[in-house]
Amino acid sequence: MIDLSVSCGGLALANPVMPASGTFGLEQAGIFDFERLGAFVTKTITPDKRLGNPTPRVSEVPRGMLNSIGIPSKGADAFVRDVIPRFAQWRPPLVVSISANTPDAFADLARTVSVAGVAAIEINISCPNLEDDGKAFAMRPESTREIVRRLRDATALPLWAKLTPNAGDVGAVAQAAEEGGADALVVANTILAMSVDVDTRRPSLGNVMGGLSGPAVKPIILRMAYQCARAATIPVIGCGGIATAKDALEFLIVGCRAVQVGTASFIHPSALVDVIDDLEDHCRANGIARIEDVIGSLDLTQAERDMIGDAALEAHA
Amino acid sequence: MIDLSVSCGGLALANPVMPASGTFGLEQAGIFDFERLGAFVTKTITPDKRLGNPTPRVSEVPRGMLNSIGIPSKGADAFVRDVIPRFAQWRPPLVVSISANTPDAFADLARTVSVAGVAAIEINISCPNLEDDGKAFAMRPESTREIVRRLRDATALPLWAKLTPNAGDVGAVAQAAEEGGADALVVANTILAMSVDVDTRRPSLGNVMGGLSGPAVKPIILRMAYQCARAATIPVIGCGGIATAKDALEFLIVGCRAVQVGTASFIHPSALVDVIDDLEDHCRANGIARIEDVIGSLDLTQAERDMIGDAALEAHA
Amino acid sequence: MMMPMLDPDVVPPAAPARPVPGRPLEIEALVREHVCVNDEYRYLSLDLPDGVPHARPGQFYHLLCPGGDGLEPFFRRPMSVYRVEPERNRVGFLYKVTGTGTAAMARLWPGDGFNIFGPLGIGFTLPADTAPIVLLGRGVGLATMGPLVPFARENGHRVTAVLSARAPELLMSVEEMRIAGADVLTVTDSEGTSAVPHVEGLLEDLVAQGRCGALYVCGSSRLTRLAQSVAARHGLFGEVALEQQMACGVGVCFCCVRPFRENGETVHRRVCCEGPVFPLAEALA
Amino acid sequence: MMMPMLDPDVVPPAAPARPVPGRPLEIEALVREHVCVNDEYRYLSLDLPDGVPHARPGQFYHLLCPGGDGLEPFFRRPMSVYRVEPERNRVGFLYKVTGTGTAAMARLWPGDGFNIFGPLGIGFTLPADTAPIVLLGRGVGLATMGPLVPFARENGHRVTAVLSARAPELLMSVEEMRIAGADVLTVTDSEGTSAVPHVEGLLEDLVAQGRCGALYVCGSSRLTRLAQSVAARHGLFGEVALEQQMACGVGVCFCCVRPFRENGETVHRRVCCEGPVFPLAEALA
Ligand SMILES: Cc1cc2nc3c(=O)[nH]c(=O)nc-3n(C[C@H](O)[C@H](O)[C@H](O)COP(=O)(O)OP(=O)(O)OC[C@H]3O[C@@H](n4cnc5c(N)ncnc54)[C@H](O)[C@@H]3O)c2cc1C
Ligand SMILES: Cc1cc2nc3c(=O)[nH]c(=O)nc-3n(C[C@H](O)[C@H](O)[C@H](O)COP(=O)(O)OP(=O)(O)OC[C@H]3O[C@@H](n4cnc5c(N)ncnc54)[C@H](O)[C@@H]3O)c2cc1C
Ligand SMILES: Cc1cc2nc3c(=O)[nH]c(=O)nc-3n(C[C@H](O)[C@H](O)[C@H](O)COP(=O)(O)O)c2cc1C
Ligand SMILES: Cc1cc2nc3c(=O)[nH]c(=O)nc-3n(C[C@H](O)[C@H](O)[C@H](O)COP(=O)(O)O)c2cc1C
Ligand code: FES
Ligand code: FES
């Protein structure tokens, strides 16, 4: 038996694989086995009812997708009343993603969702802070530290801060989130991007710009996850372009304690469970008894390999 | 005859297509027709001789490449003496890319390459500034404004500032470059990224991290080019993942006055000329007399399209 | 409301842990037949593995069109079932090449594997009694309507299909629907018979003749609005099958929403899991 | 130095505007034959369009291996020519499936198109007089050496090939090289004959017999170091063919550098355009 369990951000997880917010919901219950997941992560909810953005809301680009769904939401109360209780039937812990446009509303929402059945709160701080010129909280270390501190005071639940890859210095933001009291970092949300239909000369999204996700972003987000894992001491959860166990392993090797799988589930509906199965197979095939042994095992001793490349020359012999 | 000519950053170009720095050299002279290009852009040179980074220097990722070539360089003097004169035999203007690790050395280098035969200088300010903790000049508006101002004083040639997509607020950096006296913006250099070989657990690059280029980055860089074209009044030259005339058109439509093609030439050696030919074909097929008419023609009137989608519903009728 | 309504947050409780028949599955199907129906449309039929669930009329599969040679579809593509043959373990699609994904699909050869995910969505509902029904379809809309004919006939409904196209040679399914037991009327732009007033006259005649107890429409918002007004005028049951771009296909991403009228308010519903078939009266067409 | 040396900044001046024979071209070739040579190696031969330039021994093409079905090679892959047949307008490659690109290549069928770019790089130089030459190769190194045999024979050189492999059944080209006129000696790990001291003895014997006026090596840094010491000891001309990962293939990206000794200093040279064949003495193997 391979031991896939990890402790991460205040939770004990049966394995390090969970869905990314906004790509998972109760609707998938018949599609793959919910009991297999390391955790559940819900679509971000906001305090109030919202419709979301105009269509088209998605567009495909080379090995990736753009989305500007916005956050259609029935509001926090409906969520607490109708959705949270339904997750009680499964064992994996429930992580609720929340967001709001002002620190006050954010803190209120954190209180609202701190109810039985919720194991941790993921704070989506990539959303605009209306009190800071509409800049997203997670764009700068100061605003990140402040909002995390506010939320830390509002709830006793473990707090996972989900960072934005649009920040210029994600390592500094990671440190700030830790200082503010976050229990883990989710690295990261989507990368702001756009595409244009050259025939109509219109943006391909109704909202003009949107977030890029999928395999195309993996090398960028992996770099950021590595930077965050080095900058902070709290666990980092990698999220961006993970579609296979190999992708998940890259994130674990650079130091992530868990991973989230998003867009990949749209292509292969059972991607989450496949990643878990293949992680286990990889461990078995490579004599790895505990997935913990993989975490942070990046080998830098040869980073400055001599340029002789004996290895390369002998490779075909 | 379609008029492909554009004025851009102090130069009159026969067409808006040129190579990206580091992906072009005299070695290609027999491979495609140099006379066809809008301009030449050389590999970045540094003041002194340098060896460059350890191998492996490149690695492939989904629809893109990572590179950490470093800047192997014979030094500025050898470049001025041996390379610049050779470009005199062709008509397109020569843009020389330069970089240095301190403002003084940067300014000296700008003076050194301000010689006959050079039409403009592209300043690669994505390199670390040793006097600012090793942060790249173009990571922040202040350091960008300052270095551009220094270089503005050092040369009378048109100055193109090449920005880094790793900055958190590229629009503000674009404005700062304009304030510093840049004549054009090149948006942008590669995105910092990494990948890991899960079998050896080593980074796939000798230098651990490297720059991502190719189709995978196009939606991100297109968004930045659009933001810069709105933030600044000087011309923007789009650069990132352009492989086809369609890609080039996306950049022109969002407001770029020219484009650079890099990685695509590694896959199709005549990519630059193919993009020019196909741009002309596109114009002919769509009754566009001058490429100028395409520039900045993004249609936002339907950005908030009604959600009925008559167009979609009728599409198949 | 005769059609099951789903609240976005209300889903079946206590879903079983393993997929069971009736639940959507990712399936590696085999291409059995792939032919051109006319200049624009192709028919693709697949052999399914044993024991997989089958689609009901109006449901769809989410197709993983194969990449390569410059075509790189990233998302799956939604496609209604055109022919469902549970007893032979087959399913068929009628489609038009419109872009990357369908062009990639068009390169499939008999014997090739084709990864499909489904069946998905909510299909057509028949009226409670054996009221005669009328189908109104245009273009690819006909593909979605196709399996409704045998389904309604088997359940004792008289079926009249009013098929619309740009030109007579682009009309499809006429013979097939006749063989399946429908009375078929055709209208085309080139013959000048497809304009709204003329089709409205046809529908009014059918109502007058007692042949239109329920109305099903697909493939044109013009026809949808027409059907809505005829149905409202005579108090008829009706359904409309809608399209919208999809990513997940199962209701979690909220990219496939369309606007509907609900208690005087505009609300969004997801085409993939609250449709693609919706109550005719509520669609904002 | 008998081998043309390129300074990274010195390139042919006044290059013609249009590619002419001799210059590398992007070519849409057709797969003619694709066979397994043994458990590890495959042979792929291509029909080239009329009028394209042909490769010299030691040159390579940059291959655009087709994507699809989960394999997505992004870069081209460099591959030495194994057989060059200008008169029949064909070229052949001998290769081993080692990763994404070669796996994608392995799926090609006769009749398929295959986009190749070349010929590229600097090939082998023969010694000035008709001195006898010795080839020393291992693994895929043999592929690179292949065309050197007929080339040297046609130019009046006696050729001895010392071929090394893990086991006798993995030895390739033995018959072909014999037919082309080479004396072939084989050494293998499994027979215990491939260790450096034994091969060194072989080479010394060949030198003593006057059969080794120049040494060519490829495919192993161990053998390269051995060849360097034998060549140095006897003042022999020698060349080595090297591999390095490539992006552009034409000298502009500087990713394919390897270290060389030049006037006591370590310098970098680009395998794609300053090689892949280099002076034996200068390689830092
Ligand atoms: C429930 C449903 C059933 C359908 N049934 C059929 C059918 O039976 N036969 C048929 O020919 N077509 C059908 N369509 C339309 C079909 O999905 C599109 O023609 C197809 O997705 C176009 O993909 P493409 O890659 O060729 O075009 P592209 O324009 O390259 O597609 C780009 C993106 O837009 C999406 N898209 C483009 N057009 C449509 C559309 N009309 N509806 C939804 N998404 C679209 C694609 O899925 C893709 O994500 C159906 C659509 C839906 C929603
Ligand atoms: C000049 C030259 C001639 C060659 N001739 C032959 C030949 O005749 N027969 C043959 O079987 N092989 C030959 N090789 C090696 C061949 O290029 C590699 O086996 C091939 O690139 C592996 O690609 P892959 O996608 O299968 O492997 P992957 O490991 O998936 O490749 C990943 C990346 O590494 C590069 N790479 C991996 N191994 C090598 C290598 N040994 N050399 C250079 N790049 C490498 C690939 O090109 C690709 O960019 C030659 C290499 C060079 C440089
Ligand atoms: C359709 C869609 C909706 C998303 N909604 C949310 C959301 O509500 N909250 C959030 O924090 N992230 C959201 N994301 C971002 C994902 O959680 C994830 O960070 C991102 O997609 C990168 O991972 P991936 O490449 O595996 O998809 C959404 C992503 C997609 C594609
Ligand atoms: C191999 C390689 C070397 C590069 N060297 C330089 C360089 O010296 N100076 C520079 O400003 N940009 C350099 N770049 C970045 C490119 O000029 C360009 O900004 C980037 O690759 C994005 O464009 P692309 O996707 O079309 O390649 C290099 C890129 C590559 C791939
Ligand atoms: S396609 Fe994702 S909710 Fe409908
Ligand atoms: S592969 Fe680009 S310089 Fe050799």
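The values are calculated or read from the model by the stated rules, or taken from the named source; none is laboratory data. As the structure is a computational prediction, the values presented were derived from the model and not from experiment. Cβ atoms come from the backbone with ideal geometry, glycine included; neighbour counts cover every protein chain shown.
Within segment B:39-52, if we keep just the residues that are crowded, with 23+ Cβ neighbours inside 10 Å and more than 9 Å from ligand 4 (Cβ to nearest atom), the residue that is farthest from the other protein chains (Cβ to nearest Cβ) turns out to be B:Ala39. Being in contact with a helix residue (DSSP H, G or I) (Cβ under 7 Å, 6 or more places away or on another chain) and of a type outside the set (Lys, Arg): is that true of B:Ala258 here? No. Step by step: first the residues of segment C:74-88, then only those that are at pLDDT 95 or above and not hydroxyl-bearing (Ser, Thr, Tyr), then the one that is nearest to ligand 6 (Cβ to nearest atom). Which residue is that? Top of the filtered list is C:Phe74. Scanning for something within 12 Å of chain C (Cβ to nearest Cβ), in contact (Cβ under 8 Å) with a residue 24 or more places away in the chain and not aliphatic (A, V, I, L, M), does segment A:7-18 turn up at least one residue? No, segment A:7-18 contains no residue that is within 12 Å of chain C (Cβ to nearest Cβ), in contact (Cβ under 8 Å) with a residue 24 or more places away in the chain and not aliphatic (A, V, I, L, M).
C:Ala208: in the same structural domain as C:Val140 (by TED's automatic domain parsing) and touching a residue at least 12 places away in the same chain (Cβ under 8 Å), yes or no? Considered against the rule, which asks whether it is in the same structural domain as C:Val140 (by TED's automatic domain parsing) and touching a residue at least 12 places away in the same chain (Cβ under 8 Å), C:Ala208 comes out as no.
A count restricted to segment C:254-280 and to residues that are more than 12 Å from ligand 1 (Cβ to nearest atom) and in contact with a helix residue (DSSP H, G or I) (Cβ under 7 Å, 6 or more places away or on another chain) stands at 4.
If we keep just the residues of segment D:74-100 that are outside any strand (DSSP E or B) and within 12 Å of D:Gln59 (Cα to Cα), which is farthest from ligand 4 (Cβ to nearest atom)? The residue in question is D:Tyr82.
Considered as a group, the residues in segment B:204-218 that are facing chain A (nearest Cβ under 7 Å) and part of a loop (DSSP other than H, G, I, E, B) include one that is surrounded by the most Cβ atoms within 10 Å (Cβ to Cβ), and that residue is B:Gly206. Report yes if some residue within segment C:208-221 is under 23 Å from C:His268 (Cα atoms), of a type in the set (S, T, N, Q) and crowded, with 20+ Cβ neighbours inside 10 Å; otherwise report no. The answer is yes; a qualifying residue exists. Checking each residue in segment C:227-241 for being surrounded by fewer than 23 Cβ atoms within 10 Å (Cβ to Cβ) and within 14 Å of chain B (Cβ to nearest Cβ) picks out only C:Gln228.
For segment D:217-226, the condition holds for no residue, the condition being that it is part of a strand (DSSP E or B), within 12 Å of chain B (Cβ to nearest Cβ) and away from ligand 4 (no atom under 16 Å from the Cβ).
Yes or no, residue by residue, for (1) assigned to a strand (DSSP E or B); (2) more than 20 Å from the chain's Cα centre (by Cα):
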{"site": "A:Gly22", "(1), (2)": "no, no"}
{"site": "A:Thr55", "(1), (2)": "no, yes"}
{"site": "A:Glu60", "(1), (2)": "yes, yes"}
{"site": "A:Met65", "(1), (2)": "yes, no"}
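Residues that are part of a loop (DSSP other than H, G, I, E, B), within 15 Å of ligand 4 (Cβ to nearest atom) and buried (at least 24 other Cβ atoms within 10 Å of the Cβ) within segment B:221-265 comprise B:Gly240, B:Gly241, B:Ile242, B:Cys256, B:Gly262, B:Thr263, listed in sequence order. For D:Ala131, the criteria (1) surrounded by fewer than 19 Cβ atoms within 10 Å (Cβ to Cβ); (2) without any contact (Cβ under 8 Å) to a residue 60 or more places away in the chain hold in every case but one, which is (2).
If you go through segment B:168-203 and pick out every residue that is within 7 Å of another protein chain (Cβ to nearest Cβ), hydrophobic (A, V, I, L, M, F, W, C) and surrounded by 24 or more Cβ atoms within 10 Å (Cβ to Cβ), you end up with 4. It is to be established whether one or more residues within segment A:223-234 are under 18 Å from C:Ala247 (Cα atoms) and at pLDDT 95 or above. No, segment A:223-234 has no match at all. Could you tell me which residue of segment A:86-111 is nearest to A:Val17 (Cα to Cα), considering only residues that are buried (at least 19 other Cβ atoms within 10 Å of the Cβ) and β-branched (Val, Ile, Thr)? Filtering segment A:86-111 for residues that are buried (at least 19 other Cβ atoms within 10 Å of the Cβ) and β-branched (Val, Ile, Thr), the one nearest to A:Val17 (Cα to Cα) comes out as A:Val95.
Of all residues being closer than 15 Å to A:Asn67 by Cα and not hydrophobic (A, V, I, L, M, F, W, C) in segment C:229-248, which is farthest from ligand 6 (Cβ to nearest atom)? Just the residue, please. Across segment C:229-248, the extreme among qualifying residues is C:Gln244. Checking D:Ala128, D:Ala103, D:Ala143 one by one, the residue that is more than 16 Å from ligand 4 (Cβ to nearest atom) and either assigned to a strand (DSSP E or B) or in the same structural domain as D:Gly235 (by TED's automatic domain parsing) (or both) is D:Ala143 and no other.
Within segment D:258-285, the set of residues being surrounded by fewer than 24 Cβ atoms within 10 Å (Cβ to Cβ) and assigned to a strand (DSSP E or B) comprises D:Pro259, D:Phe260, D:Arg261, D:Glu262, D:Glu265, D:Thr266, D:Val267, D:His268, D:Arg269, D:Phe278, D:Pro279. Those residues that are away from chain C (no Cβ under 14 Å), of a type in the set (Phe, Trp, Tyr) and over 21 Å from D:Pro110 (Cβ atoms), I need them from segment D:63-92; list them, please. Residue satisfying the conditions is D:Phe75 alone. Hey, any hits in segment D:184-195 for a residue that's away from ligand 5 (no atom under 16 Å from the Cβ), within 14 Å of chain B (Cβ to nearest Cβ) and more than 17 Å from the chain's Cα centre (by Cα)? For segment D:184-195, residues away from ligand 5 (no atom under 16 Å from the Cβ), within 14 Å of chain B (Cβ to nearest Cβ) and more than 17 Å from the chain's Cα centre (by Cα): absent.
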